[in-house]
Amino acid sequence: NLGAEPLLLEALELGPTAAMRYLEDVLFTAQVTSSDAMEQLLAPSESPRETAPWFTYRGLRIEAAGEARWDVMVPGNGQSYRTPDFRAQVRMIASKAAFLWSAARPHPYSDRLLAYIRSHGRMTSGFVSGVYTADDRPTRDYGDVNTNGIILQAIAQMLRA
């Protein structure tokens with residue numbers, strides 16, 4: 001699955017290569033195009049969840065078509081989780097992905113992602129791991145150091161720009 005992290009984080013930390021730029025273009029274009037078709041924002045990444053299966057890898061499957069392009073994988077392969085219903089249930093805007101896209105690709109779509117996370121994903125201190133797009137529900141005040149550390153890196157990049 002091709003998601004925002006590690007792709008955008010690596011480009012932010014080490015500088016983008018031609019290959020990274022190409023993959024970034026593929027992912028960003030697919031997100032914008034699919035988002036319009038599905039009438040739902042998309043910003044997949046890997047992240048923890050507050051319920052089983054505790055961690056998911058969400059991203060673009062280039063060889064798949066339609067809604068199945070936006071796949072979800074779980075550690076250990078978890079075949080019982082590889083269903084359209086599960087994908088729809090756990091599809092979320094990853095907080096770190098919204099900030100990474102804003103830092104890497106200033107664009108009206110990136111602005112929409114960031115506004116969505118700012119309005120739905122705030123915790124007392126930092127941001128939740130993500131917000132479920134099915135019902136705009138945050139990961140129940142479940143944040144993590146990785147997400148918030150990446151958000152701080154993205155903000156630092158935006159301030160340097």
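For the reader, a short list of remarks on this structure follows.
- When residues of the stretch 108-125 are limited to those that are without any contact (Cβ under 8 Å) to a residue 60 or more places away in the chain, of a type outside the set (S, T, N, Q) and open to solvent by 10 Å² or more (accessible area, probe 1.4 Å), the one nearest to Thr33 (Cα to Cα): Pro108
- Positions within the stretch 126-155 being open to solvent by 70 Å² or more (accessible area, probe 1.4 Å) and closer than 16 Å to Gly3 by Cβ, in sequence order: Asn146
- Residue selected from the stretch 62-72 under the condition closer than 15 Å to Val90 by Cβ and not β-branched (Val, Ile, Thr), by the criterion surrounded by the fewest Cβ atoms within 10 Å (Cβ to Cβ): Ala68
So that you can scan it fast, the table gives a plain yes or no per residue for (1) surrounded by fewer than 19 Cβ atoms within 10 Å (Cβ to Cβ); (2) part of a helix (DSSP H, G or I); (3) charged (D, E, K, R):
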| site | (1), (2), (3) |
| --- | --- |
| Leu8 | no, yes, no |
| Arg21 | yes, yes, yes |
| Ser34 | yes, yes, no |
| Leu41 | no, no, no |
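- Condition met for Phe86 (modelled with pLDDT of 95 or more and assigned to a helix (DSSP H, G or I)): no
Residues are listed down the side, and each one gets a yes or a no for (1) within 25 Å of Ala88 (Cβ to Cβ); (2) of a type in the set (Phe, Trp, Tyr); (3) part of a helix (DSSP H, G or I):
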site	(1), (2), (3)
Arg112	yes, no, yes
Ser119	yes, no, yes
Asp135	yes, no, no
Gln157	no, no, yes
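- Count of the stretch 78-107 residues, restricted to those that are open to solvent by 30 Å² or more (accessible area, probe 1.4 Å) and within 20 Å of Leu152 (Cα to Cα), is 4.
- Output for the stretch 5-15, where each listed residue is of a type outside the set (A, V, I, L, M, F, W, C) and either closer than 20 Å to Phe55 by Cβ or without any contact (Cβ under 8 Å) to a residue 12 or more places away in the chain (or both): Glu5, Pro6, Glu10, Gly15
- Tabulated pairs, the stretch 68-79, first farther than 11 Å from Phe55 by Cβ and acidic (Asp, Glu), second open to solvent by less than 80 Å² (accessible area, probe 1.4 Å) and part of a loop (DSSP other than H, G, I, E, B), C-beta under 9 angstrom, 6+ apart or interchain: Asp71/Asn1; Asp71/Pro44; Asp71/Arg61; Asp71/Ala64; Asp71/Arg82
- Taking the numbered list (1) open to solvent by 70 Å² or more (accessible area, probe 1.4 Å); (2) of a type outside the set (Lys, Arg); (3) at pLDDT below 90; (4) more than 20 Å from Pro6 (Cβ to Cβ) in turn, Pro75 passes all entries but (4).
The values are calculated or read from the model by the stated rules, or taken from the named source; none is laboratory data. None of the values given here were measured: they were computed from a predicted structure. For neighbour counting, all protein chains shown are included, and Cβ atoms are generated from backbone atoms with ideal geometry for every residue, glycine included. Only protein heavy atoms, including side chains, enter the accessible area calculation; ligands, DNA and RNA are left aside. Shrake-Rupley method; radii C 1.70, N 1.55, O 1.52, S 1.80 Å.
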